[in-house]
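The values are calculated or read from the model by the stated rules, or taken from the named source; none is laboratory data. For clarity, every value in this text was computed on a predicted model and none was experimentally measured. Here the Cβ is made from the backbone with ideal geometry for all residues, glycine too, and neighbour counts use every protein chain on show.
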Amino acid sequence: MHQQHTHQQNTIGSLRILNSKETKHIIEKLSEQYGYDYDRTSQEYAFLMNKDNRIYIISRNVEILPYDEMKIDSIGMYFGELYKESLRMSIEGSQMIGPTSSKNVVDIDTHQMIEWIKGNDIEHEDTGKEFVIIRHTDKDTGKTDYFGAGRYKDGKIMNYVSKSRRLIVVNS
């Protein structure tokens, strides 16, 4: 017998919708790794994952769409990647959680920030084995920006920003 598709399906396009146990695991990782204080009463986001363990985040309002009747190539904002039980935040993911994160956030100066957005690794003291969120605060304006995540290795924080997102010319 042929079953009707309902909105309860667990995929949208090639992305798998994470169930409540998997979502809880992601939230626990954010708290454990970055000290992120997730408001558990706020269930406004759903997490999706592709076959490469890349995590995307979408509004729960998407549930009202008949997405099972649509051809969807991609959806959501790239949030980060689950990498060997660590979360590596995307630029946008770091911008979402950075302001309320209390662990594994590294402040960089303007010179390091320019090197980072060009895609270069930056020299830094040991930050441990976890991924760290990269943060820069402009000394003149006091404005704080977040630039994704990296991991310490051999005296440097390794840059994981994809080539397509790197800037070649930076006006400072």
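For this structure, a couple of remarks:
- Filter pass, residue 115 being without any contact (Cβ under 8 Å) to a residue 24 or more places away in the chain and assigned by TED's automatic domain parsing to the domain that holds residue 157: yes
- In the range 3-12, the residues that are surrounded by 11 or more Cβ atoms within 10 Å (Cβ to Cβ) and either at pLDDT 80 or above or not in a loop (DSSP other than H, G, I, E, B) (or both): 11, 12
- The residue that is surrounded by the fewest Cβ atoms within 10 Å (Cβ to Cβ), counting only those in the range 69-89 that are over 15 Å from residue 18 (Cβ atoms) and either among the aromatic types (Phe, Trp, Tyr) or in contact with a helix residue (DSSP H, G or I) (Cβ under 9 Å, 6 or more places away or on another chain) (or both), is 85.
- Any hit, the range 53-64, residues being surrounded by 14 or more Cβ atoms within 10 Å (Cβ to Cβ), over 25 Å from residue 17 (Cα atoms) and modelled with pLDDT under 95: no
- Applying a threshold of 7 Å to beta carbon distances and a minimum spacing of six or more residues, or different chains, the list of pairs starting in the range 77-96 at a residue that is under 18 Å from residue 62 (Cβ atoms) and ending at one that is surrounded by fewer than 23 Cβ atoms within 10 Å (Cβ to Cβ) and among the β-branched types (Val, Ile, Thr) reads 77/57; 79/57.
- When the range 121-131 is limited to residues that are closer than 25 Å to residue 168 by Cβ and in a loop (DSSP other than H, G, I, E, B), the one that is farthest from the chain's Cα centre (by Cα) turns out to be 124.
- Count of the range 121-152 residues which are basic (Lys, Arg) and closer than 17 Å to residue 81 by Cβ: 2
- Here residue 137 passes the criteria (1) at pLDDT below 95; (2) surrounded by 12 or more Cβ atoms within 10 Å (Cβ to Cβ) except the one numbered (1).
- Residue within the range 104-120 that is outside any helix (DSSP H, G or I), touching a Gly at 6+ places or on another chain (Cβ under 6 Å) and within 19 Å of residue 26 (Cβ to Cβ) present: no
- From the options 72, 58, 134, residue that is assigned to a strand (DSSP E or B) and either under 19 Å from residue 26 (Cβ atoms) or in the same structural domain as residue 31 (by TED's automatic domain parsing) (or both): 58
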